[in-house]
Amino acid sequence: METFENTGNKDTRSGFGAGLLELGRENENVVALCADLTGSLKMNAFEDEFPDRFFQIGIAEANMMGIAAGMTIGGKIPFTGTFANFSTGRVYDQIRQSIAYSGKNVKICASHAGLTLGEDGATHQILEDIGLMKMLPGMVVINPCDYNQTKAATKAIASYEGPVYLRFGRPSVPNFTPVDQKFEIGKAVELSQGRDVTILATGHLVWKALEAAAILAEKGIEAEVINIHTIKPLDNEAILKSVKKTKCVVSAEEHQMNGGLGDSVAQLLARNYPVPQEYVGVNDSFGESGKPHELLDKYGCGTKDIVESAERAIQRK
């Protein structure tokens, strides 16, 4: 299988910050709003360079969403920034009514998502956000895998007309995708070819899926790994093409099994090409405080879990 070089661990939130700064230099209509978490969202550089286009809303996330929606009427492209828990759960009504229902061109940028938020614990480790956002009509949902891809995604969504949810994280993770990549919304990226099992991974679990594929290769199993950076709209064509070859699939995500990537894949397959599917994700529970990668292992989202799920899927063919 193809090997990927980790050019150094970097946090995906810094990819967002870097992309936002470049956007600010390229497009004067880009504005940024933050709910008292400028440093955590890596929005400092944008604030320093474009103070007139940065708005510190304070701990008032609902107001931030309403203000962002209003700014679009004047042609601005607002990027809101706060933790994923506060970007979705706390402000769901405002997003639904003022942004999604109205089709406003707001980019909802959410850091510290999933178990890998780590020590902040269950109250902040939102594991339902993808489900909440993908159910909103017209909402695009993006979950990039590393620093480079998060930066590319941040820049790409500015030219998309309509509401977008961009999810990224706190910990330093392997940075392995190309620096100069072109990010295409809704276009999955095939990372390795295989004939025995398809592994569809998103976010931080993409690197885990590549680690799992290497272990499976040592056992003589060829895994096809696909980076599903866009959960909505889903790349139906790429998924069906792969699954028709391998005849079984594993979905891997740092999210609840209910409502996430796995559910979207299952709906696609049920309607078009039913095959055995195994889920790697959190199984109907909240998280807890701990080290990010220890939590991934404890809650069934580690490399070992992907390997075992792939083997089960193959056995069910």
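Normalised by residue count, the chain yields a Cα convex hull volume of 115 Å³ per residue. Around the Cα centre of the range 228-291, unit charges on the Cβ atoms of Lys, Arg, Asp and Glu (plus for the first two, minus for the last two) sum to a dipole of about 400 debye.
Output the relative contact order of the chain, whole-number percent, from Cα pairs under 8 angstrom with separation of 6+ residues.
Details: 742 pairs, mean separation 58.4, N = 317.
RCO, the chain: 18 percent.
Treating the angle as unsigned and between 0 and 90°, give the value, to the nearest 10°, between the Cα long axis of helix 205-218 and the longest Cα principal axis of the chain. Tilt relative to the chain: about 20 degrees. Comparing mean-square fluctuations of Asp146, Asp235, Asp297 from a GNM of the chain with C-alpha springs under 10 Å, the top value falls on Asp297. Full extension of the chain between Lys291 and Lys245 yields a length gain of 12.8 nm, computed as 0.36 nm times the residue separation minus the alpha carbon distance.
Taking the longest Cα principal axis of the chain as reference, the axis of helix 303-315 is set at about 50 degrees. How far is helix 12-26 tilted off the main Cα axis of the chain, in degrees rounded to 10, range 0 to 90? It works out to around 50 degrees. For the options Asn258, Asn272, Asn283, a Gaussian network treatment of the chain with springs between C-alpha atoms closer than 10 Å singles out Asn272 as fluctuating the most. Comparing mean-square fluctuations of Asn63, Asn148, Asn227 from a GNM of the chain with C-alpha springs under 10 Å, the top value falls on Asn63. Each of Gly169, Ala223, Tyr299 was scored by the projection of its Cα onto the charge dipole of the chain, and the greatest displacement toward the positive side belongs to Ala223; charges sit on the C-beta of Lys, Arg, Asp and Glu.
Its Cα centre serving as origin, the chain has a Cβ charge dipole (Lys and Arg +1, Asp and Glu -1) of approximately 780 debye. Between the residues Tyr101, Leu205, Val280, the greatest Cα displacement towards the positive end of the dipole of the chain, with unit charges on the Cβ of Lys, Arg, Asp and Glu, is found for Tyr101.
Sorted on the mean count of surrounding Cβ atoms within 10 Å across their residues, most packed first, peptides 198-211, 5-18 read 198-211, 5-18.
Rg/Rh for the range 189-315 stands at 0.94; both radii use Cα atoms, and Rh follows the Kirkwood definition.
From the helices alone, meaning DSSP H stretches of at least four residues, give me the mean residue ellipticity at 222 nm for the chain, per-run term -39500 (n - 2.57), in deg cm²/dmol to the nearest 500. For the chain, the value works out to -10500 deg cm²/dmol.
Readers should treat all values here as calculations from the given coordinates under stated rules, not as data from a laboratory. None of these values were measured; they are calculated from a predicted model. Cβ atoms come from the backbone with ideal geometry, glycine included; neighbour counts cover every protein chain shown.
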